[in-house]
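Please read the structure below before turning to the comments.
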């Protein structure tokens with residue numbers, strides 16, 4: 001039994017590993033929690049030259065915004081859906097009453113039929129004069145008519161009392177004028193029909209393309225007059241960011257220039273391109289309107305506020321501390337970072353963050369070059385401001 005006891009003690013002693021003190025700052029144990037070491041992703045804050053920029057407020061607007069107005073008087077018979085209704089090209093968006101115009105159109109078609117009949121009769125009379133000027137009637141009077149044609153008319157032409165050729169020409173010209181008057185009557189009736197058709201088309205308000213109804217100014221049953229606004233529509237899938245740029249920095253803006261934009265609805269920057277620069281400045285605000293193209297599919301709606309960051313060539317670049325975006329932690333609306341002290345403890349330090357660059361987040365105040373921070377602090381890291389960090 002004694003031999004077994006000493007063998008057990010010897011085996012236990014051989015299985016224990018020797019302990020060594022931890023001297024690395026990356027492996028020091030956090031105060032208040034002796035079971036977990038410090039995170040190893042500690043970075044040193046460095047300075048970077050940041051180009052001077054200016055942040056301007058812009059607005060998302062449709063590229064094509066159309067206000068549809070009434071082209072004819074009348075009362076509204078039909079309106080296609082509420083605000084937000086999508087439509088296709090040529091779809092009826094609004095219709096005015098057209099009963100009176102329909103009645104006028106039927107009357108105009110009747111006038112056209114009458115004018116066409118008059119024209120047909122005039123053509124028949126003209127053709128008869130050309131091809132059978134003196135038809136001989138059947139019966140006993142044919143001898144007298146033949147005598148008149150063979151004796152009386154030639155004798156009258158010889159003594160100068162009449163001219164049969166001139167009479168034929170005058171009669172032919174009169175019949176031809178009758179045909180032309182009948183043709184004019186047909187054209188007049190057709191023009192009246194065309195006018196009514198145009199007025200009927202004016203009672204229909206059609207969609208100019210793919211779009212959405214943004215505003216409605218009338219409802220069914222309202223009386224409208226020509227020129228009165230009816231609704232405002234736009235293609236919300238094709239948007240622009242419109243911003244007023246101060247004239248002092250407009251020289252640094254050019255067409256095709258990439259511009260970073262931040263929208264309230266997005267957590268990430270939106271890459272846009274300068275599409276158009278207006279040729280003249282506003283005489284009162286001394287700004288130039290600039291339009292930026294929005295990438296297709298971006299979650300942007302008309303009227304959204306946008307922050308546009310443009311270079312300011314009137315100021316020199318400055319060196320600022322830059323930290324990784326993953327190092328930021330938020331306490332309400334205030335950003336901060338976990339600062340590593342020289343003794344290895346961690347404290348939360350609030351900072352004033354600036355713009356996001358390719359190098360990282362610009363720190364306007366709260367950190368200096370050479371400070372050490374946690375690049376990616378664990379989500380369960382807890383600390384009070386200017387106190388030792390603890391994990392809960």
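The values are calculated or read from the model by the stated rules, or taken from the named source; none is laboratory data. Since this is a predicted model, take the numbers as computed values, not measurements. In this analysis, Cβ positions are derived from the backbone assuming ideal geometry, glycine residues included, and neighbour counts consider all displayed protein chains.
Could you check the stretch 55-71 and list, in sequence order, the residues that are out of contact with any strand residue (DSSP E or B) (no Cβ under 6 Å at 6 or more places or on another chain) and under 22 Å from residue 201 (Cα atoms)?
71, the sole residue that qualifies.
Here is a yes/no grid of residues against (1) more than 30 Å from residue 76 (Cα to Cα); (2) in contact with a helix residue (DSSP H, G or I) (Cβ under 8 Å, 6 or more places away or on another chain); (3) modelled with pLDDT of 95 or more:
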site	(1), (2), (3)
142	yes, no, no
150	yes, no, no
200	no, yes, no
224	no, no, no
227	no, no, no
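Any residue at all in the stretch 324-334 that is touching a residue at least 60 places away in the same chain (Cβ under 8 Å), in the same structural domain as residue 45 (by TED's automatic domain parsing) and either surrounded by fewer than 17 Cβ atoms within 10 Å (Cβ to Cβ) or assigned to a loop (DSSP other than H, G, I, E, B) (or both)?
yes
Six or more apart or on different chains, Cβ atoms under 6 Å: show the pairs whose first residue is in the stretch 96-107 and part of a helix (DSSP H, G or I) and whose second is at pLDDT 90 or above.
101/196; 101/199; 101/200; 104/196; 105/196
Look at the stretch 56-72 and say how many of its residues are assigned to a strand (DSSP E or B) and surrounded by 13 or more Cβ atoms within 10 Å (Cβ to Cβ).
Number of matching residues: 11.
Would you confirm whether or not the stretch 358-374 contains a residue that is touching a helix residue (DSSP H, G or I) at 6+ places or on another chain (Cβ under 9 Å) and at pLDDT below 85?
no
Starting from the stretch 276-299, take each residue that is not assigned by TED's automatic domain parsing to the domain that holds residue 240 and list its partners that are outside any strand (DSSP E or B), counting only C-beta distances under 7 angstrom and pairs at least six apart or across chains.
Within 7 Å, no pair qualifies.
Of all residues in the stretch 223-244, count the ones that are in contact with a strand residue (DSSP E or B) (Cβ under 7 Å, 6 or more places away or on another chain) and more than 23 Å from residue 64 (Cβ to Cβ).
Within the stretch 223-244, residues that are in contact with a strand residue (DSSP E or B) (Cβ under 7 Å, 6 or more places away or on another chain) and more than 23 Å from residue 64 (Cβ to Cβ) number 2.
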